[in-house]
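Reading through the structure tokens given below for one structure.
The values are calculated or read from the model by the stated rules, or taken from the named source; none is laboratory data. The structure presented is a predicted model; accordingly, all values stated were derived computationally and were not measured. Heads up, the Cβs are rebuilt from the backbone with ideal geometry, glycines too, and the neighbour counts pull from every protein chain shown.
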Amino acid sequence: MLVWSLIQRAKTGAFRVLCDTYVTDDSGTGIVHSAPAFGEDDYRCCIEGGVIRKGEALVCPIDASGKFTDEVKEWKGEYVKDADSLIIKHLKEKGRLIHESQIDHSYPFCWRSETPLLYRVCIVSPPAAAGEASGARDVKTVDCPFTPWTVVFIS
């Protein structure tokens, strides 16, 4: 499934070089990959670069627990951070690894669990209105800009 999706994306020009000001050469290599389902800058840059269109479905092969889904059959069920070494090993075995190294850079961590935070696109359904069976209704019917989304125990 993921391979087919990637082949289709390649036909539309998804695998190409884009430039943006959030990538600099003074805090790393100056090169990053973009995954529009996993970051605000990635999403914006891919929209502006024509890789994706606003509102279209995004490739997001990890679940809410940060584990690979059916779309990544080789590592289905593996937590993405734990899969790094498995993926590197796979690339080495296939003769496709060009270079391996570690670069220290800042990364967001949860202040409570001290575990890495994964940014991932999620579809949010507004709470059900009185008399509705569920919260799955058209988001356009909700006055989102004025809805307080503050988590009480953090504020």
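Tell me which residues, restricted to segment 32-79, are without any contact (Cβ under 8 Å) to a residue 40 or more places away in the chain, in a loop (DSSP other than H, G, I, E, B) and within 26 Å of E93 (Cβ to Cβ).
V32, H33, A35, T69, K76, G77, E78, listed by residue number.
Out of segment 65-82, which residues are surrounded by 16 or more Cβ atoms within 10 Å (Cβ to Cβ) and charged (D, E, K, R)?
K67, E71, E78
Which number in (1) crowded, with 17+ Cβ neighbours inside 10 Å; (2) over 17 Å from the mean Cα position of the chain (by Cα) marks the one condition that I62 misses?
(2)
Considering only segment 39-59, state which residues are more than 14 Å from the chain's Cα centre (by Cα) and of a type in the set (D, E, K, R).
Of everything in segment 39-59, those that are more than 14 Å from the chain's Cα centre (by Cα) and of a type in the set (D, E, K, R) turn out to be E48, R53, K54, E56.
With the requirement that a residue be surrounded by 12 or more Cβ atoms within 10 Å (Cβ to Cβ), farther than 21 Å from I62 by Cα and either modelled with pLDDT of 70 or more or in contact with a Cys (Cβ under 7 Å, 6 or more places away or on another chain) (or both), what does segment 1-35 give you?
L18, D20, V23
For A83, only one of the following conditions fails: (1) in a loop (DSSP other than H, G, I, E, B); (2) modelled with pLDDT of 85 or more; (3) more than 14 Å from the chain's Cα centre (by Cα). What is its number?
So the condition that A83 fails would be (1).
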